[in-house]
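Data block below; observations after.
The values are calculated or read from the model by the stated rules, or taken from the named source; none is laboratory data. Being a predicted model, the structure only gives us computed values, none of them experimental. Backbone-built Cβ (ideal geometry, glycine too); neighbour counts: all protein chains shown.
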Amino acid sequence: MKGIRIYLREELEKRLREAVARRYGFVRGGLSRSVEEAIYMWLQDEPIETDIDIDMLIEELRGSVKADKDGVTLQKSLHELLD
């Protein structure tokens, strides 16, 4: 899991914390869980746009990545190609 810092208006934060307490009680992680749910819902309605040409990327990978590499090395190779 990754951490992220966000800033909310005071009234919105208060309303969010009250809603989390009603829904989950005062359990550890309730706020993160609620924000995660909200982000998933928001992303469902958003089209995913990318500037990456997937076909071109696959062709580059075929020519650049050797099959005898382990998973970590393959992941590093992919990141190098994307950067």
Item to check | Tally, over segment 55-83, of residues that are surrounded by 10 or more Cβ atoms within 10 Å (Cβ to Cβ), modelled with pLDDT under 65 and of a type in the set (Lys, Arg) | outcome: 1
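Quick one: count up the residues across segment 8-36 that are of a type in the set (Asp, Glu) and modelled with pLDDT under 90. Even if it seems obvious, please write down each step before you answer.
Looking only at segment 8-36, we keep the residues that are of a type in the set (Asp, Glu), and these are 10-11, 13, 18, 36.
Filter again for modelled with pLDDT under 90, leaving none.
The qualifying residues number 0.
Among the residues of segment 1-54, which ones are assigned to a loop (DSSP other than H, G, I, E, B), of a type in the set (A, V, I, L, M) and surrounded by fewer than 10 Cβ atoms within 10 Å (Cβ to Cβ)? First the steps, then the outcome.
At the first step, the residues of segment 1-54 found to be assigned to a loop (DSSP other than H, G, I, E, B) are 1-9, 25-29, 45-53.
Right, trim to of a type in the set (A, V, I, L, M) and you get 1, 4, 6, 8, 27, 48, 52.
Within segment 1-54, 1, 4, 6, 48, 52 meet the criteria.
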